[in-house]
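Chemist: One structure is given below, represented as structure tokens, and several questions about it will come after.
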Amino acid sequence: MSNKVILIILDGLKYESARDCMGYMQALCQGQQATLYQLECELPSLSRPLYEAVLTGTPPVQSGILHNHVSRNSTQTSIFSLARDAGLTTAAAAYHWVSELYNRTPYNPVRDRHTSDKEQLIQHGCFYHLDHYPDDHLFLDAEYLRQTYDPDFLLIHPMNIDDAGHKAGGDSSHYRNKVRHTDGILSDFIPQWLEQGYQILVTADHGMNGDNSHGGNLPEERQIPLFVMGQHFSHQQQCQPKQTELCGIACELLGINNHGKPVSEKLLATSKS
Ligand SMILES: [Zn+2]
């Protein structure tokens, strides 16, 4: 058993499609290796505000990251800052907005696309800036970071499901097939990570509506999945975690002080909390 955490944010994945289209993830649930919860994302249901909500535990109205074009560093403590300050190693394979929130802004691809700098909050990073950057490449970037730097906290953030939703809508075969494809990629990596004792969370920032967009209060925009895997989770069906509790939960799993971030205690095994 390990305290190392892998957090996967599948951009734009609505709950319904996670439940219905992810055969591998559901097989893990049926085999009692994973538990699926339904979360409601914070508002507005937009990417950059919700990266901040997940990674700092702060809702957009408090963080001030209210839309996608707020290009500044986060002012909140994050999983990255708390982990680095505790002497742990941080890494991310993620969209460039994540680099802008926690490392340097504006994103300069020549300087930032490949980051390895212990002074940065995200010490080891592979960042991308095209929404159709292939998910399978992104997972290989993440696996490179994991094998090379052995991070305690690794964020993996692919964009192709969101991209499919913007092109064809959340009710389309194109969108659902992209979800199925990403489920297949997960099955290439998760077995090995579980074998090595990682605590793994698979969630989304927001969902996707039938108008090829998101941002509002519709159930399909707000209802998102949370799959959890690993022995530090309680795997109790009864609890209802919140999106803003993921930061505190990650800190608990890493064994570091969560600095008062909200935590859904029921999500964690009692021996851990
Ligand atoms: Zn989007």
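The values are calculated or read from the model by the stated rules, or taken from the named source; none is laboratory data. If you're wondering where the values come from, they're calculated on a predicted model, not measured in any experiment. Cβ: placed from backbone, ideal geometry, glycine included. Neighbour counts: every protein chain shown. Accessible surface is based on the protein model in full, side chains and every heavy atom, while ligands, DNA and RNA are left aside. Shrake-Rupley method; radii C 1.70, N 1.55, O 1.52, S 1.80 Å.
Chemist: Run down Tyr107, Tyr144 and say which single residue is aromatic (Phe, Trp, Tyr), away from the ligand (no atom under 15 Å from the Cβ) and either open to solvent by 50 Å² or more (accessible area, probe 1.4 Å) or assigned to a helix (DSSP H, G or I) (or both).
Modeler: The match here is Tyr144.
Chemist: Please list, ordered by first then second residue, the pairs with beta carbon atoms under 9 Å, 6 or more apart or interchain, first in the range 122-138 and over 13 Å from Asp11 (Cα atoms), second polar (S, T, N, Q) and in a loop (DSSP other than H, G, I, E, B).
Modeler: That search, which allows pairs on different chains as well, returns Ile122/Asn103; Gln123/Thr89; His124/Thr89; Gly125/Asn103; Phe127/Asn103.
Chemist: If Leu66 passes every condition in (1) open to solvent by 30 Å² or more (accessible area, probe 1.4 Å); (2) of a type in the set (A, V, I, L, M); (3) away from the ligand (no atom under 16 Å from the Cβ) but one, which one does it miss?
Modeler: (3) is the only condition that Leu66 fails.
Chemist: Search the range 28-52 for residues being closer than 26 Å to Arg72 by Cα and hydroxyl-bearing (Ser, Thr, Tyr), and hand back the single one that is nearest to the ligand (Cβ to nearest atom).
Modeler: Ser47
Chemist: Okay, moving on. For the range 179-206, give me the residue count where each residue is in contact (Cβ under 8 Å) with a residue 24 or more places away in the chain and either within 16 Å of the ligand (Cβ to nearest atom) or open to solvent by 70 Å² or more (accessible area, probe 1.4 Å) (or both).
Modeler: Number of matching residues: 10.
Chemist: Taking the residues in the range 1-27 that are among the aliphatic types (A, V, I, L, M) and closer than 24 Å to Asn209 by Cβ as candidates, determine which candidate is farthest from the ligand (Cβ to nearest atom).
Modeler: Met25
Chemist: Another question, if that's okay. Yes or no: Tyr149 in contact (Cβ under 8 Å) with a residue 60 or more places away in the chain, within 14 Å of the chain's Cα centre (by Cα) and open to solvent by 10 Å² or more (accessible area, probe 1.4 Å)?
Modeler: Judged against the criteria, Tyr149 is not a match.
Chemist: Okay, next question. May I ask you to list pairs of residues, at least six apart or on different chains, whose Cβ atoms are under 8 Å apart, with the first in the range 213-234 being at positive phi and assigned to a loop (DSSP other than H, G, I, E, B) and the second being modelled with pLDDT of 95 or more and of a type in the set (Ser, Thr, Tyr)?
Modeler: Qualifying pairs under 8 Å: Gly215/Ser45; Gly230/Tyr198.
Chemist: Give the residue that is farthest from Ser81 (Cα to Cα), with candidates limited to residues of the range 249-264 that are touching a residue at least 40 places away in the same chain (Cβ under 8 Å) and surrounded by fewer than 23 Cβ atoms within 10 Å (Cβ to Cβ).
Modeler: Here the residue is Pro262.
Chemist: Could you grab me the full set of residues in the range 11-32 that are part of a loop (DSSP other than H, G, I, E, B) and buried (at least 17 other Cβ atoms within 10 Å of the Cβ)?
Modeler: Asp11, Gly12, Leu13, Lys14, Met22 - these are the residues of the range 11-32 that are part of a loop (DSSP other than H, G, I, E, B) and buried (at least 17 other Cβ atoms within 10 Å of the Cβ).
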